[in-house]
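These notes concern the structure reproduced below.
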């Protein structure tokens, strides 16, 4: 994808990188006006006033998170409207109800790229829903209907298991909800939002090129939120966060809308020893749920999304091999640790805030 004159144009496939073009004289002016203002970089503690190595966070279980990936795949493909999708939605809502104070299932209808209609279910689970100040953590839970990037052309119409692209982000949020319910951040509520119909955009073999065929759940949510006039201090989107070789870059939409949060997350990762995973590299925009949240809700949201630096997000992206072998429990733990260090650095937690079941 690329952006020209401020509009997004899809050239091929989901969330391909976008490039912005500026006149040469504008670039030259920026260089001249900023070149003399550079100074030595500060440490993360100096910048944000927090020593992330000393922030106490709940103990995230990588094994539990991995088990949640397995459980999702056991339902089969989570294609909207399918039996596995229906069963997974019920399981996800009931699990989140164990740890969170409220769970809302937002039903909607989505029109796909071929004008067919499918049901959708956005699921929102909340800790301390009565607090006005909130943090939004999100992922998509559907799996793609077509393996249009599979190296075997005969499999392009086959469904994708969606272990990393979908289930990994869901599993991360589930385990974070479980442990955060035992040590709730101080003075802020947390909402765990599972977007549906994110990954049903126009396949490569179609002749439809429209970015709005993707991310249907987030498009619906920003227009009809689960709570009227809902807003949050910030949001974090997790997509493809369980890869065996994690690599997350400072994506441009995230930088444009939530530069401070990008800085906190990547600086925290660096001081925690994960600078080779949260890479200090600015990269092109990616079409994902955060695009609509940022543009239409006013909530600054960062996308922590796998970026391998190649033409594909990760080796098994949109293929029939995006199965359990594509997921690393350790990758899930690292992303959760960095995220919780930032949240609890801002809002130190209290023990024993919720008495629900914690298994």
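The values are calculated or read from the model by the stated rules, or taken from the named source; none is laboratory data. Since we're looking at a predicted model, the values are computed, not measured. Don't worry about glycine lacking a Cβ; one is built from the backbone with ideal geometry, like all the others, and counts go over all protein chains shown.
General remarks:
- Some residue of region 336-352 being part of a loop (DSSP other than H, G, I, E, B), surrounded by fewer than 16 Cβ atoms within 10 Å (Cβ to Cβ) and in contact (Cβ under 8 Å) with a residue 24 or more places away in the chain: yes
- Within region 82-102, the set of residues being touching a helix residue (DSSP H, G or I) at 6+ places or on another chain (Cβ under 9 Å), crowded, with 20+ Cβ neighbours inside 10 Å and outside any loop (DSSP other than H, G, I, E, B) comprises 88, 92, 96, 99.
- In this structure, residue 167 does satisfy being under 24 Å from residue 226 (Cβ atoms), in a helix (DSSP H, G or I) and touching a helix residue (DSSP H, G or I) at 6+ places or on another chain (Cβ under 8 Å).
- Top-ranked residue in region 124-154 [being in a strand (DSSP E or B) and over 20 Å from residue 86 (Cβ atoms); ranked as nearest to the chain's Cα centre (by Cα)]: 138
- Among residues of region 203-230 that are farther than 23 Å from residue 299 by Cβ, those with a Cβ under 7 angstrom from a residue that is surrounded by fewer than 17 Cβ atoms within 10 Å (Cβ to Cβ) and modelled with pLDDT under 95, sequence gap 6+ or separate chain, pair up as 204/12; 209/11.
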